[in-house]
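Q: Could you have a look at this structure, given as structure tokens, before my questions?
The values are calculated or read from the model by the stated rules, or taken from the named source; none is laboratory data. Keep in mind the model is a prediction, meaning the values are calculated, not measured. Positions of Cβ are backbone-derived with ideal geometry, glycine not excepted, and every protein chain shown enters the neighbour counts. Side chains are part of the model used for accessible areas, which takes the heavy atoms of the whole protein and leaves out ligands, DNA and RNA. Shrake-Rupley method; radii C 1.70, N 1.55, O 1.52, S 1.80 Å.
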Protein chains: 2
Amino acid sequence: MSDNDGGTARRGRRGSGREARRARAASGQAAAAFIERKVPTYEVLGEEGLSLIERNADSLLQEIGIDFREDPEALEIWKAAGADVDGERVRFPRGLCRKLIQDSAPREFVQHARDAERSVRIGGDSLVCAPVYGPPFVRDLDKGRRYATIEDFRNFVKLAYASPGLHHSGGTVCEPVDLPVNKRHLDMVLAHMQLSDKPFMGSVTAPERAEDTVAMARILFGDDFVDPATGVEKTVVINLINANSPMVFDGTMLGAAKVYARANQACIISPFILAGAMSPVTVAGTATQILAEAMAGMAFVQLVRPGAPVVFGTFASSVSMQSGAPTFGSPEPSLVMYIAGTLARRLGVPFRSGGGLTGSKTPDAQAAYESANTLQAAALAGVNFMLHTAGWLEGGLAAGYEKFVLDADQATALPSLLGGIDLSENGQAMSALREVGPGNHFLGATHTQENFMSAFWRSELADNDSFEAWEAAGSQDSIVTANTRWKRLLAEYEPPALDPAIDEALREFVQGRKASMPDASY
Amino acid sequence: MSDNDGGTARRGRRGSGREARRARAASGQAAAAFIERKVPTYEVLGEEGLSLIERNADSLLQEIGIDFREDPEALEIWKAAGADVDGERVRFPRGLCRKLIQDSAPREFVQHARDAERSVRIGGDSLVCAPVYGPPFVRDLDKGRRYATIEDFRNFVKLAYASPGLHHSGGTVCEPVDLPVNKRHLDMVLAHMQLSDKPFMGSVTAPERAEDTVAMARILFGDDFVDPATGVEKTVVINLINANSPMVFDGTMLGAAKVYARANQACIISPFILAGAMSPVTVAGTATQILAEAMAGMAFVQLVRPGAPVVFGTFASSVSMQSGAPTFGSPEPSLVMYIAGTLARRLGVPFRSGGGLTGSKTPDAQAAYESANTLQAAALAGVNFMLHTAGWLEGGLAAGYEKFVLDADQATALPSLLGGIDLSENGQAMSALREVGPGNHFLGATHTQENFMSAFWRSELADNDSFEAWEAAGSQDSIVTANTRWKRLLAEYEPPALDPAIDEALREFVQGRKASMPDASY
């Protein structure tokens, strides 16, 4: 752990403590802040294959290079670091990016939440699940598909807050297109801060919007923004910096990355890949490109501020070679994810991928097959930060209300899947086997009685009743059960306590910024 | 490989050869006979945990023992082998079962199909996918849920034949309850033999029904039933021998197992576990019991006929500790499956588990999440024979037509998931990366053009169109797409060629057996 250490993760100045725990327990929100994986990751390649990909990524960086566009400062930074800069093309001596990362990037870090008990560790054996990011549309069973609004945005923040399977409030849970482009980030960040006490993501659509995010975080965290022991800013926002694949970082993303890095806030450097269109059609070729892009971006952040937290991100899908349409939940992107996870661990940085991805327009069987395929692969790939865990529909174009609660329910199974095998005497259960013996049943056994409360994960949405009971209850499709659930969660939602002075200061900041500029649609 | 070697798997006396290949290619049925896994299995426990479970299983076998019920001959066999027999309880010296298995059970074997190109290898790195087994009900979108009939049975055999994701015709794809219990096995086995050329499963509901199965197999395979090189019967039927968990084998199952073993036909020894009711509530305890039961059953088969093929089977689910209802697709049974797979490999026998399991009554999102969770785990657990790959609904009580084709479509992704990473120069795709470079796209690249046909798995049912195209086409839920598909597959079905003399002999055998006894409902 770096100076972003979690030494203070278990205490904090507001919203924590017994009272907050009681409040959460009462509202059913008691859950671990994040998942600690105690089972091995799944490794699809051995040393030979992995080092081949690493060598090829170094060749890509050295021979082909990466474009750092619309950002002269970035080019100066690379020149000073010893890279070969030709126009906007940057070529890297073999091993330079890796060395820059390994010299200063933290292997894991804590993203602090305003309630310290919600702070998450990102990296190592941890898994943090965050909701869908980016859709301009929303969908529900009642009103179908429509453009997202700030009301939808606030609803999804509330749903993430109410979902024990989600550890994070996410970022652009949907795009509130009813607000001006140059001001909506203020309402989005404000919603995360007011409506949830889970950690959240900042704006990356312009450097000044990143500045706004950091300014608001300083208000929210107050004196806590800087660690008194080290004098270093705590990491309280995590931010999605997409590569413009193939092999390009653009000025918007570089500008946001510099703002966040200089404030010691976390950058997820994420190649966004539809394989076959934005990367080669092969798994090994795609993994090579992802590694090269991610290394170039993470190394850049380390040059901007050594020690600033970075995450090796990847979003890999594939395109249908017949229609050009992106497809999700298919095997090749799972293989890419397994490999990328291993490459991130070899590099020694946290890994972001996964989620409940699907190309389906509704939460039907297709959506669930594809989402489960991605979620299972992400869990075993050792993902540390899982964006799009809940709500993703239609290749990311729509956030679904029913899909959100269905996915979030599935995510509650991950602690059991990843929690390891209890090999204690109680776990071995020889006493139960001896007590019950051949031909009897275990339901009444002492061991069963002592362990049944924690024995098995249980979905809150799945219907496991008999056919007759299910039919008598109305033969509900799971989408109908999900519809009832999200409405109940919103109806029962109560915001976490927030110091009124801070709340007021945040509102004032937002109003001031909005008043300072005319609306704009870019 | 044992004397059940696949040396003859690539030739056969009928239905094979160029003509059959052409016919299959024309009907879209060209597919590999089974999957060869080229990626590692997922290992959840290390040596310490595994040997602990193995020691505990030996303790269970030694101290608690297993009941072999309603079969005095089985008790005599065990006595002669050195076990301690007390009434129907058999206790085993430590290591006896393991030694019996390892001395003679084949590590892998070929199940021959009547078309040799359909023969499958079971064990090692192979994966054979078979349809759902056992449901007394069927369900489709048009007519809802109803008791299964022999017409449904024949339909599912046809659908499995038409599904490239399925390598096997299965056994009791549904229970034809419109036929007398004591005769329905004849029509079931006949359907597998006439309507499909994929390998199939035999009847296990009574020893004489197992005898009928073997007799029909002798007719179907004729001179091919015995390997001319060795004089040994070929394995042409595989059969599901469930333990009556906990720790009981009953007379019906033992009787069927003896018939099949003596004819060198394969027995899957499968503890059928709803954890918490039929095994302890812990993963380690359940895995211990499964190993003990499977070892006792497989060792028994080796005593009946050394070298007869056996498969370490397990079906593990868990029960809701709140309602007692079985649940599916949950994390603990996945962990049990990962461990059981490793235990089977350490023992050196093929492994059966997995499938597309769900408690849902319809192919909704719940069904697909749960089925995908099980299917993914089974793929990485190294399952060799996957029963219930397609069609399972409602905890196994119903076979669903739409569910069948949706699951079978998902199964077609497994060869890509398990086929390994191409690390050849073409797989590395450095030429594509060099040709395209930063900011361009790969769709037109030479490498893409050369590889796009085989590049990515593609679902035949998933809708990856744009929202607008999907809406214009009627906003179909995947259940509707699936409904169209199974009807088309049945409409286009054409039976594989079968020698008319054999067809006639099979019909005569069935008629003769039916005439030889009155109908009975047991």
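Q: Quick one: which residue in B:177, B:173 is open to solvent by 50 Å² or more (accessible area, probe 1.4 Å) and of a type in the set (Val, Ile, Thr)?
A: On inspection, the qualifying residue turns out to be B:177.
Q: Just to be sure I understand, how many residues within the range B:378-393 are outside any loop (DSSP other than H, G, I, E, B), more than 7 Å from chain A (Cβ to nearest Cβ) and either without any contact (Cβ under 8 Å) to a residue 60 or more places away in the chain or of a type in the set (A, V, I, L, M) (or both)?
A: Here the count works out to 4.
Q: So in the range B:469-501, with the set limited to residues that are touching a residue at least 12 places away in the same chain (Cβ under 8 Å) and of a type in the set (Gly, Ala, Ser), which one is nearest to the other protein chains (Cβ to nearest Cβ)?
A: Within the range B:469-501, the match that is nearest to the other protein chains (Cβ to nearest Cβ) is B:478.
Q: Please state which of the following conditions residue A:178 fails to meet, knowing it meets all the rest: (1) more than 24 Å from residue A:268 (Cα to Cα); (2) part of a helix (DSSP H, G or I).
A: Status for residue A:178: all satisfied but (2).
Q: I've got another one for you. So which of B:86, B:67, B:58 is without any contact (Cβ under 8 Å) to a residue 40 or more places away in the chain, within 14 Å of another protein chain (Cβ to nearest Cβ) and not polar (S, T, N, Q)?
A: On inspection, the qualifying residue turns out to be B:86.
Q: Please determine whether any residue of the range B:426-440 is more than 8 Å from chain A (Cβ to nearest Cβ), outside any helix (DSSP H, G or I) and either touching a helix residue (DSSP H, G or I) at 6+ places or on another chain (Cβ under 9 Å) or modelled with pLDDT of 95 or more (or both).
A: Of all residues in the range B:426-440, those more than 8 Å from chain A (Cβ to nearest Cβ) come to B:431, B:435.
Those still in the list that are outside any helix (DSSP H, G or I) too: none.
There is no residue in the range B:426-440 that is more than 8 Å from chain A (Cβ to nearest Cβ), outside any helix (DSSP H, G or I) and either touching a helix residue (DSSP H, G or I) at 6+ places or on another chain (Cβ under 9 Å) or modelled with pLDDT of 95 or more (or both).
Q: While we're on this one: For the range A:34-49, what are the residues that are more than 10 Å from chain B (Cβ to nearest Cβ) and either of a type in the set (S, T, N, Q) or more than 25 Å from the chain's Cα centre (by Cα) (or both)?
A: A:47
Q: Another question about this same structure. Working carefully through the options A:242, A:264, A:182, find the one that is on the phi > 0 side of the Ramachandran plot and either away from every other protein chain (no Cβ under 14 Å) or under 18 Å from the mean Cα position of the chain (by Cα) (or both).
A: A:264
Q: For the range A:396-413: of the residues being touching a Leu at 6+ places or on another chain (Cβ under 8 Å) and part of a strand (DSSP E or B), which is nearest to residue A:363 (Cα to Cα)?
A: A:400
Q: When you scan the range B:263-279, do you find a residue that is of a type in the set (Gly, Ala, Ser), part of a helix (DSSP H, G or I), modelled with pLDDT of 95 or more and closer than 30 Å to residue B:212 by Cβ, even just one?
A: No, the conditions are met nowhere in the range B:263-279.
Q: Can I ask one more? Can you pull out the residues in the range B:213-236 that are outside any strand (DSSP E or B) and in contact with a Phe, Trp or Tyr (Cβ under 9 Å, 6 or more places away or on another chain)? Before the answer, list the steps.
A: Of all residues in the range B:213-236, those outside any strand (DSSP E or B) come to B:213-225, B:227-232, B:234-236.
Within the range B:213-236, B:213, B:214, B:215, B:216, B:217, B:218, B:219, B:234, B:235, B:236 meet the criteria.
Q: Moving on. Mind checking which pairs have a first residue in the range A:124-151 that is acidic (Asp, Glu) and a second that is in a strand (DSSP E or B) and at pLDDT 95 or above, Cβ under 8 Å, 6 or more apart or different chains?
A: Sorted first by the residue in the range A:124-151, then by its partner, the pairs are A:125/A:36; A:140/A:400.
Q: Still on this structure, I have one more. Answer yes or no: is there a residue in the range B:189-200 that is over 18 Å from the mean Cα position of the chain (by Cα), farther than 23 Å from residue B:409 by Cα, modelled with pLDDT of 95 or more and surrounded by 24 or more Cβ atoms within 10 Å (Cβ to Cβ).
A: Checked the range B:189-200: no residue is over 18 Å from the mean Cα position of the chain (by Cα), farther than 23 Å from residue B:409 by Cα, modelled with pLDDT of 95 or more and surrounded by 24 or more Cβ atoms within 10 Å (Cβ to Cβ).
Q: Specify the residue that is least open to solvent (accessible area, probe 1.4 Å); the eligible residues are those in the range B:441-454 that are more than 8 Å from every other protein chain (Cβ to nearest Cβ) and assigned to a helix (DSSP H, G or I).
A: Among them, the one singled out is B:446.
Q: Also, I was wondering about something else. For the structure I just gave you, tell me whether residue B:288 is over 26 Å from residue A:463 (Cβ atoms), part of a helix (DSSP H, G or I) and either hydrophobic (A, V, I, L, M, F, W, C) or at the interface with chain A (Cβ under 9 Å from one of its Cβ atoms) (or both).
A: Taking the combined requirement at face value, the residue satisfies it.
Q: Restricting to the range A:394-417, and then to whatever is among the hydrophobic types (A, V, I, L, M, F, W, C) and within 8 Å of chain B (Cβ to nearest Cβ), can you tell me which residue is surrounded by the most Cβ atoms within 10 Å (Cβ to Cβ)?
A: Only one residue tops the list, namely A:406.
Q: Where in the range B:56-163 are there helices (runs of 4 or more DSSP H), lying fully within it, with 1 or more residues that are within 26 Å of residue B:386 (Cα to Cα) and either β-branched (Val, Ile, Thr) or open to solvent by 10 Å² or more (accessible area, probe 1.4 Å) (or both)?
A: Per the criteria, B:96-104, B:150-161.
Q: From B:223, B:212, grab the single residue that is open to solvent by 20 Å² or more (accessible area, probe 1.4 Å), among the charged types (D, E, K, R) and more than 17 Å from the chain's Cα centre (by Cα).
A: Selected residue: B:223, the only one of B:223, B:212 that is open to solvent by 20 Å² or more (accessible area, probe 1.4 Å), among the charged types (D, E, K, R) and more than 17 Å from the chain's Cα centre (by Cα).
Q: Turning to a different aspect of this structure: In the range B:481-522, which residue that is in contact with a Lys or Arg (Cβ under 7 Å, 6 or more places away or on another chain) and part of a loop (DSSP other than H, G, I, E, B) is surrounded by the most Cβ atoms within 10 Å (Cβ to Cβ)?
A: Per the criteria, the residue is B:493.
Q: Still on this model: Output the residues belonging to the range B:455-468 that are at the interface with chain A (Cβ under 9 Å from one of its Cβ atoms) and either in contact with a helix residue (DSSP H, G or I) (Cβ under 7 Å, 6 or more places away or on another chain) or open to solvent by 30 Å² or more (accessible area, probe 1.4 Å) (or both). It would help to see each step written out before you state the result.
A: Residues of the range B:455-468 at the interface with chain A (Cβ under 9 Å from one of its Cβ atoms): B:455-459, B:461-467.
The answer is B:456, B:457, B:458, B:459, B:461, B:462, B:463, B:464, B:465, B:466, B:467.
Q: OK, next. Just to verify a result, which residue in the range B:304-357, among those that are more than 14 Å from chain A (Cβ to nearest Cβ) and part of a helix (DSSP H, G or I), is surrounded by the fewest Cβ atoms within 10 Å (Cβ to Cβ)?
A: By that ranking, first place goes to B:346.
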